[in-house]
Structure formats: structure tokens, C-alpha cells
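Data block below; observations after.
Only the coordinates and a few stated rules stand behind these numbers; no lab work does. Computed from a predicted structure; not experimentally measured.
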Amino acid sequence: MISLPEIMAFGGVVMLGAMSPGPDFAVVVRRSAVSGRGYGMAAAAGIGLGVFAWVVAASTGVAALLAASSVAFTVVKVAGAAYLLYLGAKALRAALRKGGAFQLDLPDPGKKSSAAAFLEGLLTNILNPKAAFFFVALMPQFISEGAPPADTVTLSLVGLVGTAAWFLAVANLVGALRRVFARPAVRRTVDGLTGAALIALGVKLAVTTRP
């Protein structure tokens, strides 16, 4: 049975990984700034579920198969890069779109429900093959061969809670500044910056090779 110090150490490493700038962060910031904290929190929950899935995949060997198979890696890489480019293009289009003042508490026209924001966060995380390498390298430090399933479930929940907690904090912080982001010029700036970041991350992922 995994010990409490090991659980805390695992949670700390996962949270440090979540805090690293990347597509997850860009998605939560844009969702919170453009559509409101509720939508940002939904995206954060989706990212947390993605981490849960990656921990389970790494513990059961599925992630290792992805990391070892060039075909599987390429498929996930291309899908992930295409999705980031799609999100980035939508954000840039919104930045270039002209119109009246942005109204508070109205979702972005392209995302009309918290379920859509949740799916956006989930897909952004789950279609990132770099997560496979991260957890394939991390899990053997905490899960030994023949470990009980309860250990996998425990670490999966720790990964979900820790990641979601960080991005929920980000969503609430950005959401607290909603009136600032409600200004059309500020909103277009956020759309432009996050759109450019997502496109750059998509291109970077597209040219990524297996370690």
C-alpha cells in the first residue's frame, strides 16, 4: 500500500507539472477571461479528468505502449496539434472580429455551455502525447509491479484533485478580473495572445519527436 509521504510527493510533482506554462494554462485563462470563471472552472475540471486518465494509462501500461509505438504517437500528436491549431485560429478570429462592447456573463459564441468548456479542457490534455512520456517516467517511481489497484486509483485521484485545484485557482483569479477582461480592447488582446500561444504550441507539438 502506498504511503502518505509518497502520495504527497506524487501530488507535488503533478502540481509542478500542471503549473508549467502550456496549452492547458492557455485554455483555462482564455475560457475564464472570455466566458467567465464558471467556464474556466469547467475547463479546469476537464483537464483534471485528463490527468486522471493519463495516470491510469501509465499505471496499466497503455501510456507506455503509446510512447513506444511511433504510429500511435504520431496519431495522437497530429490530433493534438490540429486541435490546438483549431483553438488558436478561433481565438485569433475572435480577436480580429469587430463589434460592440462585450457583455458580462455571456459565454463566447463558440462555446455555449460549460460542458463544451469541460470537453475543451479534456481534449487539450488528453491529446497531448507529452503527458504520456511524463507519466510513463513518473509512475514507476511510485507504483511497483504487482501493486494493488487501490494504489493506482489513489494516485489517479491525487493527480486529478491536484491538477484541478491549480487550474480552478487560475480560473477564479482570472474570473475575479472579469470586468477588466470585459472591455473589448482587453478581450481582443487576450484572444490574440492566447490564440497566438495555442498556435505556437500546436506547431511545437506537430514537430515534436519521441524522446
(request) Compute log10 of I(q)/I(0) for the stretch 1-54 with the Debye formula, placing one identical point scatterer on every Cα and leaving out solvent, at q = 0.24, 0.27, 0.28 Å⁻¹, to two decimals. (result) -0.93, -1.05, -1.08
(message) In 5 Å bins starting at zero, report the fraction of Cα pairs in the chain per bin as a rounded %.
(response) 1, 8, 15, 19, 18, 14, 11, 7, 4, 2, 1, 0, 0
(request) Please give the calculated 222 nm ellipticity per residue for the chain, where each DSSP H segment of at least 4 residues contributes -39500 (n - 2.57) and the sum is spread over every residue; nearest 500 deg cm²/dmol? (result) -25000 deg cm²/dmol
(message) Number of Lys pairs in the chain with C-alpha atoms less than 28 angstrom apart, excluding same-chain neighbours closer than eight positions?
(response) 15
(message) Could you tell me the center-to-center distance, by alpha carbons, between the stretch 113-157 and the stretch 15-34 in angstrom?
(response) 17
(request) For the chain, set up a Gaussian network in which alpha carbons nearer than 10 Å are linked by springs, and say which option among Val170, Val14, Val186 fluctuates the most. (result) Val186
(message) Taking only complete DSSP H runs, can you tell me which helices of the chain stretch 27 Å or more along their own long axis by Cα positions and average at least -0.5 on the Kyte-Doolittle scale?
(response) 37-60, 70-96, 149-176, 184-206
(message) Running a GNM on the chain with Cα contacts under 10 Å, which residue among Leu157, Leu177, Leu84 ends up with the highest mean-square fluctuation?
(response) Leu177
